[in-house]
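**Q** Here it is, the structure in full.
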């Protein structure tokens, strides 16, 4: 299981970092179909728990890469981690060789500024609502994976994905959602009560409009 945990989202979906949205959607459908419990390709290869974990990672990869803003923030995180994306190849190759050691101290400070700006934007949603996509952006800005949140909170990864994608129909009763949101908010260093009140208000409004 360490393989898929260590892979970035592009590797999980087996696509190029410059893949278009249609390619992402196609790769998502293919991978999801491949790793369904009934898929012949995974028969007797993975346990049910392993298959569920792989499907969770596929869902997470698709959720981020299919959202333009979340994808930009994710790409920025990969770059800060030293992963060279396809679009960077012509820029980085000639520029890295000279003055690598000399630039260390000067490049480290500017690198922290975009991250703090992203965090500020994430902590203060424009409409004041901590709905799923806002929580996801904050998590990505903090460099947290859903696996880490799930391990800390003991919340099923599928429920975390449903929280971030506002898939209310896939969530349990509201009393459980309230508890999940409190734990999740603490992991993101947010005010749990503010997140719970904001998210549940939006959830009730959306459900009543259906």
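The values are calculated or read from the model by the stated rules, or taken from the named source; none is laboratory data. If you're wondering where the values come from, they're calculated on a predicted model, not measured in any experiment. All Cβ positions, glycine included, derive from the backbone under ideal geometry; neighbour counts span all protein chains shown.
**Q** Go through (1) surrounded by fewer than 16 Cβ atoms within 10 Å (Cβ to Cβ); (2) touching a residue at least 40 places away in the same chain (Cβ under 8 Å); (3) over 19 Å from the mean Cα position of the chain (by Cα) and name the single condition residue 202 misses.
**A** If we test residue 202 against (1) surrounded by fewer than 16 Cβ atoms within 10 Å (Cβ to Cβ); (2) touching a residue at least 40 places away in the same chain (Cβ under 8 Å); (3) over 19 Å from the mean Cα position of the chain (by Cα), just (1) comes out false.
**Q** Further, regarding this structure: How many residues does the range 157-171 hold that are touching a helix residue (DSSP H, G or I) at 6+ places or on another chain (Cβ under 7 Å) and free of Cβ contacts under 8 Å to residues at least 40 places away in the same chain?
**A** Going through the range 157-171 one residue at a time, the tally reaches 7.
**Q** Does residue 140 fit the bill of being on the phi < 0 side of the Ramachandran plot, part of a loop (DSSP other than H, G, I, E, B) and modelled with pLDDT of 85 or more?
**A** Against the criterion (on the phi < 0 side of the Ramachandran plot, part of a loop (DSSP other than H, G, I, E, B) and modelled with pLDDT of 85 or more), residue 140 does not qualify.
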